[in-house]
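This report concerns only the one structure given below.
The values are calculated or read from the model by the stated rules, or taken from the named source; none is laboratory data. Everything quoted here is computed from the prediction, not taken from an experiment. Virtual Cβ from ideal backbone geometry, glycine too; neighbours counted across all protein chains shown. Note: areas computed on protein heavy atoms with side chains; ligands, DNA, RNA excluded. Shrake-Rupley method; radii C 1.70, N 1.55, O 1.52, S 1.80 Å.
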Amino acid sequence: RIEELSLRRHRDGMPIYCEVNVTPFTTPDGEIVGAIEDFRDVTERMRAQHRIKQSESKYRELVESASSIILKLDMDGNITFFNEYALLFFGFAAQEVVGRSIVGTIIADEDGERQHLRALLGDIGEHPQDYASTENENICKDGRRVWVSWTNKVIRDDVTDKPKGVLCIGLDATERKKAQD
């Protein structure tokens with residue numbers, strides 16, 4: 001049995017993608033005397049896959065070229081995504097942050113912050129409206145302290161609707177905070 005994807009033309013000239021299954025037709029003693037070909041039009045599936053790839057590409061380009069800090073956390077406070085701007089802003093390489101706790105990376109590990117963060121993430125999941133906008137002091141890799149204004153959005157599981165993470169978008173507020181002080 002052979003399966004392949006084939007580009008064909010409809011009688012009006014429009015291209016169509018077909019999934020072709022070829023099964024040999026044999027005699028009782030195994031001699032191949034023909035083939036059974038089954039054509040299935042998969043044009044719409046191929047177009048949908050192409051649209052998804054284009055959408056993902058545009059999304060990736062937007063996120064990576066944004067002049068905003070964009071990061072994602074899981075519900076344990078581990079960083080699962082850090083965009084290019086965030087890497088430059090905080091002075092890290094991707095392998096130094098992705099998979100690590102936000103506490104001890106860009107949030108100082110002082111005064112039991114890890115425990116506080118776990119409670120905070122649980123509360124964000126239950127009361128996201130209370131954390132839609134926050135502003136806090138963060139630390140860069142070189143130890144500099146910076147203030148960031150964050151917009152936070154809970155990411156929910158499609159099936160269970162339980163919180164599975166937080167998307168955080170931040171803007172540098174250091175100069176404004178200094179001027180206020």
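Please determine whether any residue of region 35-46 is modelled with pLDDT of 85 or more, of a type in the set (Val, Ile, Thr) and part of a loop (DSSP other than H, G, I, E, B). Looking through region 35-46, at least one residue is modelled with pLDDT of 85 or more, of a type in the set (Val, Ile, Thr) and part of a loop (DSSP other than H, G, I, E, B). The residues of region 90-122 that are modelled with pLDDT under 90 and part of a helix (DSSP H, G or I), listed by number, are Glu113, Arg114, Gln115, His116, Leu117, Arg118, Ala119, Leu120, Leu121, Gly122.
Every residue, every condition in (1) assigned to a helix (DSSP H, G or I); (2) open to solvent by 40 Å² or more (accessible area, probe 1.4 Å); (3) among the acidic types (Asp, Glu), yes or no:
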residue	(1), (2), (3)
Leu88	yes, yes, no
Ile124	yes, no, no
Glu135	no, yes, yes
Trp150	no, no, no
Val154	no, no, no
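Taking every residue in region 159-174 that is under 23 Å from Ser101 (Cα atoms) and of a type in the set (D, E, K, R) and pairing it with any residue that is open to solvent by less than 90 Å² (accessible area, probe 1.4 Å) and in a loop (DSSP other than H, G, I, E, B), at least 6 positions away or on another chain, the pairs with Cβ-Cβ distances below 9 Å are Lys162/Met75; Lys164/Met75; Lys164/Asp157. The single condition among (1) open to solvent by less than 90 Å² (accessible area, probe 1.4 Å); (2) part of a helix (DSSP H, G or I); (3) under 17 Å from Ser67 (Cβ atoms) that Glu175 does not satisfy is (1).
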